[in-house]
Each structure stands twice: as C-alpha cells, then as structure tokens.
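To start, the structure itself, in structure tokens.
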Amino acid sequence: MGIGFMPFAPGTFASLVSLLPLGCILWFSGREWLMMYIILTSLLTIWAAKTYEKKYGHDPKSFVMDEWAGQGVVFLLLPLGGDFIAFLTMLGAGFLLFRFFDILKPFGIGSIQGAPDGIGILLDDLLAGIYALICLHLLILYIL
C-alpha cells in the first residue's frame with residue numbers, strides 16, 4: 001500500500017494501520033482468524049522478503065509486511081469480549097509495546113534479524129511480538 005515508502009517511521013505507520021484488520025478480527029471473529037492472519041502475513045513476508053532484499057539490501061526500512069505479522073502476535077491471547085474502550089486500550093498498549101521491542105531490538109531480537117534469505121526480516125518482528133505479548137499480559141494482570 002506504499003506505507004513503506006513514507007519518509008519517516010514506515011514501520012510504525014504499518015503497525016498502526018495493521019490495527020484496523022487486527023481489531024476487526026479480534027472483535028468480530030476470534031483467535032482462529034487471528035492465527036490465520038498471522039500465518040498468512042508471515043507466509044507473504046517470507047515469500048516477498050527474499051526478492052525485496054535482493055533489490056533493496058538487507059532488511060530495508062521500506063519493507064513493512066513483517067510489521068503486520070509481528071503486530072498480530074501481540075494479541076494472540078488477548079481477552080476477548082467485554083468493554084469496547086478497554087479493548088481499544090489493549091490494542092493501543094499492544095501497539096506501543098510492539099513498537100518498543102521492534103525499534104530497540106533487545107533480548108536477542110537484533111541478532112535474530114541476521115538470519116538469511118529474508119527469514120530474519122520476519123523473525124525479529126515475531127520475537128518482538130512475543131515479548132510485547134508477555135508484557136501486555138503482565139499489564140493486564142497487574143494494572144488493567
């Protein structure tokens with residue numbers, strides 16, 4: 001959709017845009033559709049990343065399909081139903097946590113990014129999504 005070619009923060013904007021389908025899937029469909037979304041966006045990322053890296057170099061900022069897959073992982077175990085404002089709050093918190101881990105790349109996220117053939121493009125976002133998922137559930141458990 002051209003988000004990757006934005007002059008600043010293309011990954012952040014891609015993650016933000018991904019909240020629309022993710023929110024709809026979670027609110028109207030459920031976890032099985034979320035799993036299909038993550039699998040589909042992961043497969044699309046793997047398929048496109050290898051070619052994209054050959055053209056633009058290793059893990060180019062303009063490639064943002066991986067953000068869609070990683071952002072989806074954050075919400076795998078999100079409590080479904082309930083108050084819509086609380087749901088939006090959890091989506092927002094999940095987005096901020098995912099961006100935190102995806103940008104800073106702590107705890108091995110940065111090193112996994114070096115995997116060959118475009119796989120690293122996806123793996124670092126999936127791992128950032130897992131860390132964000134853990135933190136989001138800790139927030140829900142202890143704060144929200």
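The values are calculated or read from the model by the stated rules, or taken from the named source; none is laboratory data. Bear in mind that the values here come from a model prediction, so they are computed numbers and not experimental data. Cβ: placed from backbone, ideal geometry, glycine included. Neighbour counts: every protein chain shown.
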Hits in segment 124-144 (condition: crowded, with 20+ Cβ neighbours inside 10 Å and either farther than 19 Å from residue 87 by Cβ or among the basic types (Lys, Arg) (or both)): 124, 125, 127, 128, 131
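Answer with yes or no whether residue 95 is among the hydrophobic types (A, V, I, L, M, F, W, C) and out of contact with any Ser or Thr (no Cβ under 9 Å at 6 or more places or on another chain). Lay out the reasoning, then the answer.
Working: among the hydrophobic types (A, V, I, L, M, F, W, C): yes; out of contact with any Ser or Thr (no Cβ under 9 Å at 6 or more places or on another chain): no.
Considered against the rule, which asks whether it is among the hydrophobic types (A, V, I, L, M, F, W, C) and out of contact with any Ser or Thr (no Cβ under 9 Å at 6 or more places or on another chain), residue 95 comes out as no.
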Tell me yes or no: at least one residue of segment 85-107 is out of contact with any Phe, Trp or Tyr (no Cβ under 6 Å at 6 or more places or on another chain), of a type in the set (Val, Ile, Thr) and under 21 Å from residue 8 (Cβ atoms). yes
If we keep only residues of segment 46-101 that are touching a helix residue (DSSP H, G or I) at 6+ places or on another chain (Cβ under 7 Å) and of a type in the set (Val, Ile, Thr), then the residue nearest to residue 32 (Cα to Cα) is 73
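From the residues in segment 115-129 that are in contact with a helix residue (DSSP H, G or I) (Cβ under 6 Å, 6 or more places away or on another chain) and aliphatic (A, V, I, L, M), which one is nearest to residue 97 (Cα to Cα)? Give the derivation first.
Pass one, segment 115-129, residues in contact with a helix residue (DSSP H, G or I) (Cβ under 6 Å, 6 or more places away or on another chain): 115, 117-118, 121-129.
Remaining after also requiring aliphatic (A, V, I, L, M): 115, 121-123, 126-128.
Working: 115: 23, 121: 19, 122: 17, 123: 17, 126: 13, 127: 12, 128: 9 Å.
Checking each candidate, the answer is 128.
Residue check: is residue 37 closer than 22 Å to residue 134 by Cα and touching a residue at least 24 places away in the same chain (Cβ under 8 Å)? Quick ask: steps written out before the conclusion?
Working: closer than 22 Å to residue 134 by Cα: yes; touching a residue at least 24 places away in the same chain (Cβ under 8 Å): yes.
It is true that residue 37 is closer than 22 Å to residue 134 by Cα and touching a residue at least 24 places away in the same chain (Cβ under 8 Å).
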What helices (runs of 4 or more DSSP H) lie completely within segment 26-126 and have 1 or more residues being modelled with pLDDT of 85 or more and within 12 Å of the chain's Cα centre (by Cα)? 31-56, 65-73, 84-104
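Looking at 121, 109, can you tell me which residue is over 30 Å from residue 29 (Cα atoms) and surrounded by 20 or more Cβ atoms within 10 Å (Cβ to Cβ)?
Details: 121 fails: over 30 Å from residue 29 (Cα atoms).
From the options 121, 109, the qualifying one is 109.
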Flagged pairs (Cβ under 7 angstrom, 6 or more apart or on separate chains; first in segment 113-125, under 14 Å from residue 64 (Cα atoms); second in a loop (DSSP other than H, G, I, E, B) and hydrophobic (A, V, I, L, M, F, W, C)) are 121/63; 123/115
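Take the residues in segment 1-25 that are part of a loop (DSSP other than H, G, I, E, B) and surrounded by 12 or more Cβ atoms within 10 Å (Cβ to Cβ); name whichever of them is modelled with the highest pLDDT.
9
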